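Inspection log for the structure reproduced underneath, given as structure tokens.
The values are calculated or read from the model by the stated rules, or taken from the named source; none is laboratory data. Remember, predicted model here, so these are calculated numbers, not experimental data. Backbone-built Cβ (ideal geometry, glycine too); neighbour counts: all protein chains shown.
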Amino acid sequence: MTTRRRKQAKRTPRLTPEAVREAAALAEALMQLQYVMPSEVAVVKRCSVSHVRRAIRRGELAAIPVGRTWRVTPAAIREWMAAPAVVALRPRRVS
């Protein structure tokens, strides 16, 4: 007799006050740097690196190309985080 396991939904871990303080300290330290990598921006914004790269490609986040990578200034991060989120709805394709 076999048993089936139910797939459990992935839950995001709850943030403890200590983790919030550590994240704030990290964000403040990154803002002191001259240029920041997209992976570091993702940590501060709590999003994926691909989301940050997509924002750079769209022109939502100002960045400087350095070789094959990008660098972002702390001022550009502040502007991007302060800007209201714009949701664009795409029309569905009719086949």
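Below, the figures for the structure above:
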| read-out | value |
| --- | --- |
| Number of the condition not met by W80 [criteria: (1) hydrophobic (A, V, I, L, M, F, W, C); (2) assigned to a loop (DSSP other than H, G, I, E, B); (3) at pLDDT 85 or above] | (2) |
| Among the residues listed as R58, R54, R6, the single one being at pLDDT below 85 and out of contact with any helix residue (DSSP H, G or I) (no Cβ under 6 Å at 6 or more places or on another chain) | R6 |
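Conditions tested, residue by residue: (1) surrounded by fewer than 15 Cβ atoms within 10 Å (Cβ to Cβ); (2) of a type outside the set (D, E, K, R); (3) outside any loop (DSSP other than H, G, I, E, B); (4) free of Cβ contacts under 8 Å to residues at least 60 places away in the same chain.
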| residue | (1), (2), (3), (4) |
| --- | --- |
| E28 | yes, no, yes, yes |
| E40 | no, no, yes, yes |
| A55 | no, yes, yes, yes |
| E60 | no, no, no, yes |
